[in-house]
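These notes concern the structure reproduced below.
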Amino acid sequence: MSHDPTLVVAKFGGTSVATPARWRVIADVLRTRIAQGAHPVIVCSAVSGVSNALEGLLAEHTDADATRDRLEDLRAVHRTLAEGLGLPGDLVDAQIDELESSLDAARALGELSPRTRARIMAAGELMSTRIGATWLTAEGIDVAWTDARDLLTAEALEDAPDGRHWLSATCGFERDEALRTQLLGAASATLTQGFIAHNPQGDTVLLGRGGSDTSAAYLAARLGADRLEIWTDVDGLYSANPRAVPTARRLRRVSYAEAANMAALGAKVLHPRCIGPVRQAGIPLWIKSTQDPSATGTVIGVDHGEDGIRAVTSRKQLAFFTMRRDPTWQPVGFLADVTARFKAHGFSIDLISTSSGVIQATVDMAAAPLADDALDRLMADLETVCTPTLRRDVASVSLVGRNLRGSLPDLGPAMEALEAARVGMVTTGANDAHVTFVVRADEVDELATMLHGAVFGRGAAPALSSAVVRLAHPGAA
Ligand code: ADP
Ligand code: ASP
Ligand code: MG
(Lines give C-alpha, C1' and ligand atoms only; values in the text may rest on other atoms or scores of the structure.)
(Ligands and ions follow the chains in the order given, each with its own letter.)
Protein backbone atom coordinates (compact mmCIF):
# COMPACT_ATOMS: atom_id res chain seq x y z
CA MET A 1 0.00 0.00 0.00
CA SER A 2 1.40 3.45 -0.78
CA HIS A 3 0.49 6.64 1.01
CA ASP A 4 0.87 10.28 0.24
CA PRO A 5 3.20 11.42 1.67
CA THR A 6 5.16 8.29 2.40
CA LEU A 7 6.41 7.75 5.91
CA VAL A 8 9.75 6.19 6.72
CA VAL A 9 10.90 5.21 10.21
CA ALA A 10 14.69 5.30 10.64
CA LYS A 11 16.37 4.15 13.85
CA PHE A 12 19.89 5.29 14.70
CA GLY A 13 21.80 3.23 17.26
CA GLY A 14 24.29 4.31 19.94
CA THR A 15 27.38 4.78 17.77
CA SER A 16 25.24 6.43 15.09
CA VAL A 17 24.28 9.28 17.43
CA ALA A 18 27.65 9.57 19.19
CA THR A 19 29.62 12.02 17.03
CA PRO A 20 29.01 15.15 14.95
CA ALA A 21 29.99 13.17 11.82
CA ARG A 22 27.21 10.66 12.46
CA TRP A 23 24.69 13.44 13.09
CA ARG A 24 25.62 14.85 9.69
CA VAL A 25 24.64 11.46 8.21
CA ILE A 26 21.32 11.70 10.07
CA ALA A 27 20.79 15.21 8.67
CA ASP A 28 21.52 13.91 5.15
CA VAL A 29 19.02 11.08 5.58
CA LEU A 30 16.40 13.57 6.76
CA ARG A 31 17.04 16.06 3.95
CA THR A 32 16.99 13.33 1.29
CA ARG A 33 13.73 11.88 2.56
CA ILE A 34 12.04 15.24 2.93
CA ALA A 35 13.15 16.20 -0.61
CA GLN A 36 11.56 12.95 -1.84
CA GLY A 37 8.27 14.02 -0.28
CA ALA A 38 8.48 11.56 2.61
CA HIS A 39 8.02 12.23 6.32
CA PRO A 40 10.96 10.68 8.22
CA VAL A 41 10.42 9.54 11.79
CA ILE A 42 13.84 9.30 13.42
CA VAL A 43 14.17 7.02 16.46
CA CYS A 44 17.39 7.51 18.43
CA SER A 45 19.29 5.46 20.99
CA ALA A 46 21.30 6.93 23.81
CA VAL A 47 24.85 7.92 22.89
CA SER A 48 27.04 4.82 22.74
CA GLY A 49 28.12 3.72 26.24
CA VAL A 50 25.57 5.89 28.03
CA SER A 51 23.03 3.16 28.81
CA ASN A 52 25.85 1.03 30.22
CA ALA A 53 27.02 4.00 32.28
CA LEU A 54 23.48 4.50 33.60
CA GLU A 55 23.34 0.82 34.57
CA GLY A 56 26.66 1.35 36.34
CA LEU A 57 25.16 4.29 38.21
CA LEU A 58 22.25 2.15 39.33
CA ALA A 59 24.60 -0.60 40.48
CA GLU A 60 26.72 1.83 42.50
CA HIS A 61 24.11 4.32 43.65
CA THR A 62 24.75 3.60 47.32
CA ASP A 63 28.25 5.05 46.92
CA ALA A 64 27.82 8.84 46.77
CA ASP A 65 31.36 9.53 45.50
CA ALA A 66 31.18 6.95 42.73
CA THR A 67 27.78 8.35 41.74
CA ARG A 68 29.16 11.87 41.47
CA ASP A 69 32.13 10.70 39.37
CA ARG A 70 29.92 8.75 37.01
CA LEU A 71 27.53 11.69 36.64
CA GLU A 72 30.45 13.94 35.74
CA ASP A 73 31.54 11.41 33.10
CA LEU A 74 28.04 11.47 31.64
CA ARG A 75 28.03 15.25 31.67
CA ALA A 76 31.38 15.28 29.84
CA VAL A 77 30.22 12.84 27.13
CA HIS A 78 27.21 15.00 26.30
CA ARG A 79 29.14 18.24 26.61
CA THR A 80 31.70 16.97 24.06
CA LEU A 81 28.96 15.97 21.62
CA ALA A 82 27.01 19.23 22.04
CA GLU A 83 30.09 21.41 21.69
CA GLY A 84 31.27 19.37 18.70
CA LEU A 85 27.98 20.30 17.05
CA GLY A 86 28.49 23.97 17.93
CA LEU A 87 25.83 23.93 20.66
CA PRO A 88 26.07 25.08 24.30
CA GLY A 89 27.86 22.42 26.37
CA ASP A 90 25.28 22.59 29.17
CA LEU A 91 22.32 21.55 26.99
CA VAL A 92 21.49 18.47 29.06
CA ASP A 93 22.80 19.65 32.43
CA ALA A 94 19.27 19.89 33.81
CA GLN A 95 18.75 16.19 33.02
CA ILE A 96 22.03 15.23 34.71
CA ASP A 97 20.99 17.26 37.78
CA GLU A 98 17.65 15.45 37.79
CA LEU A 99 19.48 12.11 37.70
CA GLU A 100 21.54 13.21 40.67
CA SER A 101 18.41 14.10 42.66
CA SER A 102 16.77 10.76 41.85
CA LEU A 103 19.87 8.82 42.90
CA ASP A 104 20.29 10.89 46.09
CA ALA A 105 16.64 10.20 46.94
CA ALA A 106 17.07 6.46 46.31
CA ARG A 107 20.17 6.40 48.52
CA ALA A 108 18.34 8.21 51.30
CA LEU A 109 15.37 5.87 51.04
CA GLY A 110 17.55 2.78 50.82
CA GLU A 111 15.47 1.57 47.90
CA LEU A 112 15.72 1.64 44.13
CA SER A 113 12.49 0.33 42.65
CA PRO A 114 12.21 -0.99 39.06
CA ARG A 115 10.00 2.03 38.40
CA THR A 116 12.81 4.41 39.39
CA ARG A 117 15.40 2.32 37.51
CA ALA A 118 13.36 2.68 34.33
CA ARG A 119 13.11 6.45 34.76
CA ILE A 120 16.85 6.74 35.28
CA MET A 121 17.75 4.54 32.29
CA ALA A 122 15.37 6.60 30.10
CA ALA A 123 17.60 9.66 30.56
CA GLY A 124 20.08 8.36 27.95
CA GLU A 125 17.66 8.56 25.04
CA LEU A 126 16.11 11.80 26.33
CA MET A 127 19.55 13.46 26.38
CA SER A 128 20.72 12.25 22.94
CA THR A 129 17.48 13.40 21.31
CA ARG A 130 17.55 16.75 23.09
CA ILE A 131 20.97 17.47 21.60
CA GLY A 132 20.04 16.03 18.19
CA ALA A 133 16.79 17.94 17.84
CA THR A 134 18.44 21.22 18.85
CA TRP A 135 21.19 20.75 16.26
CA LEU A 136 18.91 19.59 13.42
CA THR A 137 16.68 22.60 14.02
CA ALA A 138 19.72 24.90 13.97
CA GLU A 139 20.62 23.24 10.64
CA GLY A 140 17.30 24.46 9.27
CA ILE A 141 15.51 21.09 9.29
CA ASP A 142 11.85 21.30 10.33
CA VAL A 143 11.89 18.49 12.91
CA ALA A 144 9.57 18.03 15.89
CA TRP A 145 11.13 16.52 19.05
CA THR A 146 8.47 14.11 20.30
CA ASP A 147 8.39 12.20 23.57
CA ALA A 148 8.25 8.46 22.73
CA ARG A 149 6.15 8.00 25.86
CA ASP A 150 3.35 9.80 24.00
CA LEU A 151 3.70 7.39 21.07
CA LEU A 152 4.03 3.92 22.61
CA THR A 153 2.01 2.36 25.42
CA ALA A 154 3.13 -0.77 27.23
CA GLU A 155 0.79 -3.73 27.47
CA ALA A 156 -0.15 -4.90 30.92
CA LEU A 157 1.77 -8.08 31.77
CA GLU A 158 -0.32 -10.49 33.76
CA ASP A 159 1.52 -12.71 36.17
CA ALA A 160 4.84 -10.98 35.54
CA PRO A 161 7.21 -10.45 38.43
CA ASP A 162 7.48 -6.76 39.12
CA GLY A 163 10.68 -5.82 37.34
CA ARG A 164 9.76 -6.96 33.90
CA HIS A 165 6.79 -4.63 33.64
CA TRP A 166 9.06 -1.60 33.87
CA LEU A 167 12.31 -2.94 32.46
CA SER A 168 11.33 -5.19 29.56
CA ALA A 169 7.86 -4.14 28.48
CA THR A 170 6.08 -4.97 25.23
CA CYS A 171 3.80 -2.46 23.48
CA GLY A 172 0.75 -2.65 21.25
CA PHE A 173 1.43 -1.84 17.61
CA GLU A 174 -1.97 -1.67 15.95
CA ARG A 175 -2.15 0.92 13.20
CA ASP A 176 -3.20 4.37 14.40
CA GLU A 177 -4.31 6.74 11.63
CA ALA A 178 -4.87 9.61 14.07
CA LEU A 179 -1.29 9.36 15.30
CA ARG A 180 -0.02 9.31 11.73
CA THR A 181 -2.04 12.42 10.86
CA GLN A 182 -0.80 14.14 14.02
CA LEU A 183 2.88 13.53 13.20
CA LEU A 184 2.50 14.44 9.54
CA GLY A 185 0.84 17.71 10.52
CA ALA A 186 3.34 18.72 13.20
CA ALA A 187 6.52 19.21 11.14
CA SER A 188 8.39 17.88 8.10
CA ALA A 189 10.10 15.25 10.27
CA THR A 190 9.73 13.68 13.72
CA LEU A 191 12.55 12.88 16.14
CA THR A 192 11.89 10.58 19.07
CA GLN A 193 13.56 8.18 21.50
CA GLY A 194 13.99 4.46 21.23
CA PHE A 195 13.88 2.16 24.28
CA ILE A 196 11.19 4.02 26.26
CA ALA A 197 7.42 3.99 26.45
CA HIS A 198 4.80 4.60 29.10
CA ASN A 199 2.45 2.20 30.82
CA PRO A 200 -1.28 2.76 31.25
CA GLN A 201 -0.55 4.33 34.65
CA GLY A 202 1.73 6.89 32.97
CA ASP A 203 5.03 5.52 34.37
CA THR A 204 8.12 5.42 32.16
CA VAL A 205 8.94 1.87 31.08
CA LEU A 206 11.80 0.33 29.06
CA LEU A 207 11.63 -2.19 26.23
CA GLY A 208 14.70 -4.15 27.42
CA ARG A 209 18.37 -3.54 26.61
CA GLY A 210 18.85 -3.06 22.89
CA GLY A 211 15.13 -2.31 22.58
CA SER A 212 15.35 0.80 20.38
CA ASP A 213 15.07 -1.42 17.29
CA THR A 214 11.78 -2.66 18.68
CA SER A 215 10.58 0.89 19.42
CA ALA A 216 11.19 1.72 15.77
CA ALA A 217 9.39 -1.44 14.62
CA TYR A 218 6.36 -0.69 16.83
CA LEU A 219 6.24 2.86 15.45
CA ALA A 220 6.60 1.70 11.86
CA ALA A 221 3.60 -0.61 12.35
CA ARG A 222 1.54 1.98 14.24
CA LEU A 223 2.18 4.64 11.62
CA GLY A 224 1.80 2.37 8.57
CA ALA A 225 5.33 3.23 7.44
CA ASP A 226 6.50 2.29 3.96
CA ARG A 227 9.80 1.07 5.33
CA LEU A 228 11.82 0.72 8.49
CA GLU A 229 15.54 1.44 8.43
CA ILE A 230 17.88 0.35 11.20
CA TRP A 231 21.03 2.49 10.90
CA THR A 232 23.96 1.02 12.82
CA ASP A 233 27.71 0.43 12.72
CA VAL A 234 27.67 -2.49 10.24
CA ASP A 235 26.36 -2.38 6.69
CA GLY A 236 23.91 -5.23 7.03
CA LEU A 237 22.99 -8.55 8.57
CA TYR A 238 25.94 -10.91 8.17
CA SER A 239 26.31 -14.68 8.07
CA ALA A 240 28.01 -14.34 11.51
CA ASN A 241 29.00 -11.45 13.77
CA PRO A 242 31.54 -9.69 11.53
CA ARG A 243 33.46 -8.47 14.58
CA ALA A 244 34.04 -12.04 15.83
CA VAL A 245 34.17 -13.98 12.55
CA PRO A 246 36.38 -12.29 9.95
CA THR A 247 35.04 -14.33 7.02
CA ALA A 248 31.41 -13.43 7.72
CA ARG A 249 29.61 -12.08 4.70
CA ARG A 250 26.76 -9.71 4.24
CA LEU A 251 23.37 -11.21 3.41
CA ARG A 252 21.52 -9.07 0.88
CA ARG A 253 18.03 -10.43 1.40
CA VAL A 254 16.73 -12.29 4.43
CA SER A 255 13.24 -13.46 5.29
CA TYR A 256 11.43 -12.20 8.39
CA ALA A 257 11.53 -15.70 9.86
CA GLU A 258 15.27 -16.11 9.37
CA ALA A 259 16.00 -12.66 10.73
CA ALA A 260 13.82 -13.32 13.78
CA ASN A 261 15.67 -16.57 14.49
CA MET A 262 19.06 -14.99 13.97
CA ALA A 263 18.16 -12.14 16.31
CA ALA A 264 16.80 -14.51 18.97
CA LEU A 265 19.95 -16.64 18.79
CA GLY A 266 22.46 -13.80 19.02
CA ALA A 267 22.64 -11.56 15.93
CA LYS A 268 22.71 -8.49 18.13
CA VAL A 269 22.29 -6.05 15.26
CA LEU A 270 18.54 -6.70 15.62
CA HIS A 271 16.66 -6.74 18.93
CA PRO A 272 14.79 -10.07 19.06
CA ARG A 273 11.36 -8.44 19.35
CA CYS A 274 11.71 -6.06 16.41
CA ILE A 275 10.76 -8.44 13.61
CA GLY A 276 7.21 -9.34 14.74
CA PRO A 277 5.62 -5.90 14.28
CA VAL A 278 7.06 -5.22 10.82
CA ARG A 279 6.39 -8.76 9.70
CA GLN A 280 2.76 -8.51 10.74
CA ALA A 281 2.38 -5.14 9.03
CA GLY A 282 4.30 -6.30 5.91
CA ILE A 283 6.86 -3.49 6.19
CA PRO A 284 10.33 -4.12 4.72
CA LEU A 285 13.18 -3.65 7.18
CA TRP A 286 16.53 -2.34 5.90
CA ILE A 287 19.80 -2.49 7.82
CA LYS A 288 22.10 0.38 6.85
CA SER A 289 25.43 1.71 8.06
CA THR A 290 26.05 5.28 9.19
CA GLN A 291 29.75 4.62 8.59
CA ASP A 292 29.08 3.82 4.94
CA PRO A 293 25.68 5.32 4.13
CA SER A 294 25.77 4.53 0.42
CA ALA A 295 26.37 0.79 1.00
CA THR A 296 23.43 -1.37 -0.08
CA GLY A 297 22.70 -2.95 3.30
CA THR A 298 20.39 -5.89 3.94
CA VAL A 299 16.67 -6.01 3.30
CA ILE A 300 14.46 -8.21 5.44
CA GLY A 301 11.10 -9.07 3.95
CA VAL A 302 8.84 -11.85 2.80
CA ASP A 303 10.24 -15.32 2.52
CA HIS A 304 12.80 -15.69 -0.21
CA GLY A 305 12.40 -19.46 -0.26
CA GLU A 306 15.81 -20.96 0.41
CA ASP A 307 16.49 -24.04 2.55
CA GLY A 308 19.68 -24.69 4.45
CA ILE A 309 22.04 -22.87 6.79
CA ARG A 310 22.22 -19.11 6.38
CA ALA A 311 24.19 -17.99 9.41
CA VAL A 312 26.15 -18.92 12.50
CA THR A 313 25.13 -16.93 15.56
CA SER A 314 26.34 -16.96 19.13
CA ARG A 315 25.31 -15.63 22.50
CA LYS A 316 27.04 -15.27 25.82
CA GLN A 317 25.52 -14.69 29.26
CA LEU A 318 23.38 -17.82 29.35
CA ALA A 319 22.57 -19.58 32.59
CA PHE A 320 22.63 -23.36 32.08
CA PHE A 321 20.55 -25.64 34.31
CA THR A 322 20.82 -29.41 34.59
CA MET A 323 17.95 -30.89 36.61
CA ARG A 324 18.00 -34.53 37.64
CA ARG A 325 14.96 -36.30 38.96
CA ASP A 326 15.47 -38.75 41.79
CA PRO A 327 14.40 -42.14 40.29
CA THR A 328 12.22 -42.80 43.34
CA TRP A 329 10.21 -39.59 42.77
CA GLN A 330 6.92 -39.40 40.97
CA PRO A 331 7.80 -39.49 37.24
CA VAL A 332 4.56 -37.89 36.04
CA GLY A 333 4.71 -34.14 35.55
CA PHE A 334 8.47 -33.68 36.05
CA LEU A 335 8.74 -31.29 33.10
CA ALA A 336 5.63 -29.39 34.21
CA ASP A 337 7.00 -29.09 37.77
CA VAL A 338 10.26 -27.68 36.49
CA THR A 339 8.83 -25.24 33.94
CA ALA A 340 6.26 -23.96 36.44
CA ARG A 341 9.12 -22.94 38.74
CA PHE A 342 10.91 -21.01 36.00
CA LYS A 343 7.69 -19.19 35.25
CA ALA A 344 6.95 -18.43 38.89
CA HIS A 345 10.35 -16.78 39.28
CA GLY A 346 9.96 -14.73 36.10
CA PHE A 347 12.46 -16.64 33.95
CA SER A 348 11.70 -17.56 30.40
CA ILE A 349 13.26 -20.86 29.33
CA ASP A 350 15.32 -20.32 26.24
CA LEU A 351 16.59 -23.74 25.07
CA ILE A 352 15.46 -27.05 26.53
CA SER A 353 16.39 -30.70 26.14
CA THR A 354 14.65 -33.46 28.05
CA SER A 355 14.99 -37.14 28.81
CA SER A 356 13.08 -39.20 31.36
CA GLY A 357 15.34 -38.40 34.30
CA VAL A 358 17.21 -35.25 33.24
CA ILE A 359 16.14 -31.89 31.92
CA GLN A 360 18.65 -29.35 30.64
CA ALA A 361 17.63 -25.77 29.98
CA THR A 362 19.11 -22.35 29.45
CA VAL A 363 17.97 -18.85 30.34
CA ASP A 364 19.27 -15.84 28.42
CA MET A 365 20.46 -13.59 31.24
CA ALA A 366 21.18 -10.72 28.83
CA ALA A 367 17.46 -10.63 28.07
CA ALA A 368 16.33 -11.24 31.67
CA PRO A 369 15.88 -7.96 33.49
CA LEU A 370 15.84 -9.70 36.85
CA ALA A 371 18.59 -9.48 39.41
CA ASP A 372 21.04 -12.31 39.98
CA ASP A 373 19.58 -13.24 43.35
CA ALA A 374 16.39 -14.27 41.54
CA LEU A 375 18.48 -17.16 40.15
CA ASP A 376 19.32 -18.25 43.69
CA ARG A 377 15.65 -18.22 44.63
CA LEU A 378 14.81 -20.26 41.52
CA MET A 379 17.50 -22.82 42.41
CA ALA A 380 16.15 -23.17 45.95
CA ASP A 381 12.66 -23.75 44.59
CA LEU A 382 13.89 -26.28 41.97
CA GLU A 383 15.47 -28.27 44.78
CA THR A 384 11.97 -29.14 45.96
CA VAL A 385 11.36 -31.17 42.77
CA CYS A 386 14.79 -32.27 41.55
CA THR A 387 18.54 -32.06 42.03
CA PRO A 388 19.52 -28.99 40.04
CA THR A 389 22.96 -27.68 39.09
CA LEU A 390 23.53 -24.26 37.61
CA ARG A 391 26.39 -22.92 35.49
CA ARG A 392 26.35 -19.20 34.96
CA ASP A 393 27.94 -17.48 32.00
CA VAL A 394 27.91 -20.25 29.46
CA ALA A 395 27.39 -19.54 25.75
CA SER A 396 25.58 -20.95 22.76
CA VAL A 397 26.51 -21.21 19.13
CA SER A 398 23.81 -21.87 16.54
CA LEU A 399 23.47 -22.81 12.91
CA VAL A 400 20.42 -20.87 11.72
CA GLY A 401 18.43 -21.37 8.55
CA ARG A 402 15.40 -23.19 7.22
CA ASN A 403 14.38 -26.85 7.09
CA LEU A 404 17.52 -27.94 8.91
CA ARG A 405 16.38 -31.14 10.55
CA GLY A 406 16.17 -33.10 7.32
CA SER A 407 19.76 -32.10 6.79
CA LEU A 408 21.22 -33.15 10.13
CA PRO A 409 23.09 -36.19 8.76
CA ASP A 410 24.83 -33.85 6.37
CA LEU A 411 26.17 -31.54 9.03
CA GLY A 412 29.37 -33.60 9.16
CA PRO A 413 31.92 -30.82 8.67
CA ALA A 414 30.24 -28.68 11.28
CA MET A 415 30.23 -31.56 13.77
CA GLU A 416 33.92 -32.12 13.17
CA ALA A 417 34.55 -28.49 14.01
CA LEU A 418 32.91 -29.13 17.35
CA GLU A 419 34.80 -32.33 18.08
CA ALA A 420 37.25 -30.79 20.53
CA ALA A 421 34.73 -28.50 22.20
CA ARG A 422 33.07 -29.28 25.49
CA VAL A 423 29.46 -29.21 24.38
CA GLY A 424 27.03 -29.12 27.30
CA MET A 425 23.85 -29.62 25.34
CA VAL A 426 22.57 -29.83 21.77
CA THR A 427 19.10 -28.75 20.70
CA THR A 428 17.33 -28.38 17.41
CA GLY A 429 14.55 -25.83 17.25
CA ALA A 430 11.04 -27.22 16.98
CA ASN A 431 10.67 -24.73 14.13
CA ASP A 432 13.40 -26.65 12.29
CA ALA A 433 15.30 -23.41 11.94
CA HIS A 434 18.32 -23.87 14.17
CA VAL A 435 20.73 -26.34 15.67
CA THR A 436 22.25 -24.96 18.84
CA PHE A 437 25.20 -26.09 20.94
CA VAL A 438 25.68 -24.92 24.52
CA VAL A 439 29.40 -24.40 25.05
CA ARG A 440 31.91 -22.66 27.31
CA ALA A 441 31.88 -18.87 26.99
CA ASP A 442 35.65 -18.70 26.49
CA GLU A 443 35.44 -21.06 23.51
CA VAL A 444 32.44 -19.64 21.71
CA ASP A 445 34.09 -17.09 19.39
CA GLU A 446 36.60 -19.64 18.15
CA LEU A 447 33.86 -22.23 17.68
CA ALA A 448 31.69 -19.79 15.75
CA THR A 449 34.60 -19.04 13.44
CA MET A 450 35.32 -22.75 12.97
CA LEU A 451 31.68 -23.60 12.32
CA HIS A 452 31.34 -20.71 9.89
CA GLY A 453 34.44 -21.94 8.06
CA ALA A 454 33.18 -25.52 8.01
CA VAL A 455 29.81 -24.53 6.63
CA PHE A 456 30.57 -21.60 4.32
CA GLY A 457 34.24 -22.14 3.51
CA ARG A 458 37.09 -19.97 4.64
CA GLY A 459 37.73 -18.08 1.43
CA ALA A 460 36.31 -14.88 -0.02
CA ALA A 461 32.57 -14.45 0.10
CA PRO A 462 30.66 -15.52 -2.98
CA ALA A 463 27.76 -13.40 -4.24
CA LEU A 464 24.86 -13.61 -1.90
CA SER A 465 22.39 -15.81 -3.70
CA SER A 466 24.89 -18.65 -3.61
CA ALA A 467 25.86 -17.84 -0.03
CA VAL A 468 22.90 -19.89 1.12
CA VAL A 469 24.38 -23.28 1.77
CA ARG A 470 22.23 -26.02 0.33
CA LEU A 471 22.73 -29.11 2.42
CA ALA A 472 22.88 -32.24 0.38
CA HIS A 473 19.52 -33.68 1.27
CA PRO A 474 17.27 -35.15 -1.43
CA GLY A 475 16.03 -32.47 -3.75
CA ALA A 476 18.61 -29.91 -2.77
CA ALA A 477 20.62 -28.37 -5.55
P1 ADP B 1 23.32 -0.28 17.72
O2 ADP B 1 23.99 0.41 18.85
O3 ADP B 1 23.41 0.47 16.41
O4 ADP B 1 21.96 -0.75 18.05
P5 ADP B 1 24.37 -2.94 18.18
O6 ADP B 1 25.71 -2.95 18.85
O7 ADP B 1 23.19 -3.23 19.02
O8 ADP B 1 24.24 -1.55 17.42
O9 ADP B 1 24.36 -3.95 16.96
C10 ADP B 1 25.36 -3.87 15.96
C11 ADP B 1 26.40 -4.95 16.21
O12 ADP B 1 25.80 -6.22 16.06
C13 ADP B 1 27.53 -4.98 15.21
O14 ADP B 1 28.54 -4.08 15.56
C15 ADP B 1 27.96 -6.44 15.23
O16 ADP B 1 29.14 -6.62 15.98
C17 ADP B 1 26.84 -7.16 15.96
N18 ADP B 1 26.39 -8.35 15.26
C19 ADP B 1 26.25 -9.57 15.86
N20 ADP B 1 25.84 -10.47 14.97
C21 ADP B 1 25.71 -9.84 13.77
C22 ADP B 1 25.34 -10.27 12.46
N23 ADP B 1 24.99 -11.53 12.20
N24 ADP B 1 25.34 -9.34 11.47
C25 ADP B 1 25.68 -8.06 11.72
N26 ADP B 1 26.05 -7.60 12.94
C27 ADP B 1 26.08 -8.48 13.96
N1 ASP C 1 20.15 2.54 24.73
C2 ASP C 1 19.51 1.26 24.97
C3 ASP C 1 20.56 0.18 25.21
O4 ASP C 1 21.74 0.44 25.04
C5 ASP C 1 18.58 0.86 23.87
C6 ASP C 1 19.22 0.66 22.52
O7 ASP C 1 20.23 1.29 22.24
O8 ASP C 1 18.68 -0.10 21.72
O9 ASP C 1 20.20 -0.89 25.59
MG1 MG D 1 21.25 -2.42 19.13
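Points to keep in mind about this one:
- In this structure, the amide hydrogen of V439, modeled 1.01 Å from its nitrogen in the peptide plane, lies closer than 5 angstrom to those of A395, S396, V397, G424, counting only residues at least 5 positions away or on a different chain.
- With the whole protein complex present, D292 retains an accessible surface near 70 Å², based on a 1.4 Å probe.
- Summarising the amide proton neighbourhood of A368: residues at separation of 5 or more, or on other chains, whose placed amide H is nearer than 5 Å comprise an empty set.
- Most to least accessible of Y256, Y238 (protein chains only, probe 1.4 Å): Y238, Y256
- Summarising the strand pairing of region 119-232, around 55 percent of its internal DSSP beta bridges are antiparallel.
- Value at 222 nm in deg cm²/dmol, rounded to 500, when DSSP H runs of n ≥ 4 in the chain each add -39,500 (n - 2.57): -11500 deg cm²/dmol
- Just the protein heavy atoms count here, and of the accessible area of region 207-299 at 1.4 Å, carbon and sulfur take up 46 percent.
- With all protein chains kept in place, the per residue accessible area of the chain amounts to 42 square angstrom at a probe of 1.4 angstrom.
- What the phi angles of region 190-203 give under the Karplus curve with 6.51, -1.76 and 1.60, with θ = phi - 60°, is a coupling list of 10, 10, 9, 9, x, 6, 10, 8, 10, 9, x, 7, x, 6 Hz, glycine and proline written as x.
- Rounded to two decimals, the Cα radius of gyration of region 97-192 over 2.2 N^0.38 Å is 1.35.
- Within the chain, percent of DSSP bridges classed antiparallel, to nearest 5: 60 percent
- Distance-filtered residues of region 246-265 - backbone nitrogen under 20 Å, label point 7 angstrom along E446 Cα→Cβ: 246-248
- Cut-off under 5 Å, modelled amide H: who pairs with H39 long-range: T6, L7, V8
- Cα-based convex hull, region 214-278, per residue volume (Å³, whole number): 83 Å³
- Where N is the number of residues in region 20-154, Cα Rg divided by 2.2 N^0.38 Å: 1.16
- Percent carbon-and-sulfur accessible area, region 343-432, ignoring ligands, DNA and RNA, probe 1.4 Å: 51 percent
- Of every Cα-Cα pair in the chain, the percent that sits beyond 44 Å: 15 percent
- Computed from phi, the 3J(HN,Hα) profile of region 25-42 under the Karplus parametrisation 6.51, -1.76, 1.60 (θ = phi - 60°) reads 5, 4, 4, 4, 4, 4, 4, 4, 5, 5, 4, 7, x, 9, 9, x, 10, 9 Hz, with x in place of Gly and Pro.
- For region 121-215, GluC sites (Glu not before Pro) meeting the loop criterion (DSSP other than H, G, I, E, B) and having at most 10 other Cβ atoms within 10 Å: E158, E174.
The values are calculated or read from the model by the stated rules, or taken from the named source; none is laboratory data. For clarity, every value in this text was computed on a predicted model and none was experimentally measured. Every residue, glycine as well, gets a Cβ built from its backbone with ideal geometry; the counts of neighbours run over all protein chains shown. All accessible areas refer to the heavy atoms of the entire protein, side chains included, with ligands and DNA or RNA removed. Shrake-Rupley method; radii C 1.70, N 1.55, O 1.52, S 1.80 Å.
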